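Structure, as structure tokens:
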């Protein structure tokens with residue numbers, strides 16, 4: 001009986017902690033979406049790990065480093081019209097352990113002349129107590 005109670009308590013703690021992590025990750029994505037929709041690339045980039053080890057994989061080639069990713073976004077989306085209105089659809093958030101999580105989702109931009117969209121996979125890592133994107137593969 002003690003083992004059963006201990007197991008139940010352990011499962012409760014794990015699910016509770018991972019639930020908080022899931023909520024924190026969703027908050028990062030919500031803040032990114034809000035920043036994008038305000039044409040605030042600086043705010044949008046706060047969700048990414050500010051490191052030379054950040055990796056962004058888009059349709060052409062990998063971009064390495066926070067600054068390289070920032071520069072790519074600024075060049076590809078120079079103004080509010082190019083940025084449009086972003087909507088994320090989160091399909092899955094999997095907290096893998098205390099410091100790593102995987103997110104699968106879709107993105108959709110509504111602009112005056114078109115409505116591009118696609119999918120993304122994100123690797124989040126908890127760094128200094130904050131969840132940050134360390135690898136982004138967007139198509």
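Just a few scattered comments:
- Helix axis angle, 2-37 relative to the chain longest principal axis, alpha carbon, degrees: 10
- Within region 2-138, percent of DSSP bridges classed antiparallel, to nearest 5: 90
- Between residue 72 and residue 104, the contour length at 0.36 nm per residue exceeds the Cα-Cα span by 9.3 nm.
- For region 57-124, the share of alpha carbon pairs falling in successive 10 Å distance bins from zero is 18, 40, 36, 7, 0 percent.
- For region 2-138, the relative contact order is 21 percent, taking Cα pairs closer than 8 Å that sit 6 or more residues apart in sequence and dividing their mean separation by the residue count.
- Three principal axis lengths of the chain [C-alpha, angstrom, descending]: 64, 30, 23
- Region 24-82 versus region 85-139: alpha-carbon centroid distance in Å: 11
- Prolate/oblate/rounded label for region 23-98 (Cα gyration tensor, a/c 1.5): oblate
- Principal-axis analysis of the Cα atoms of the chain puts helix 66-76 at an angle of about 40° to the longest axis.
- Gain upon complete extension [residue 87, residue 39; 0.36 nm per residue less C-alpha separation]: 15.9 nm
Every number here is computed from the coordinates shown, using simple stated rules; none is lab data. Keep in mind it's a predicted model, so treat the numbers as computed, not measured.
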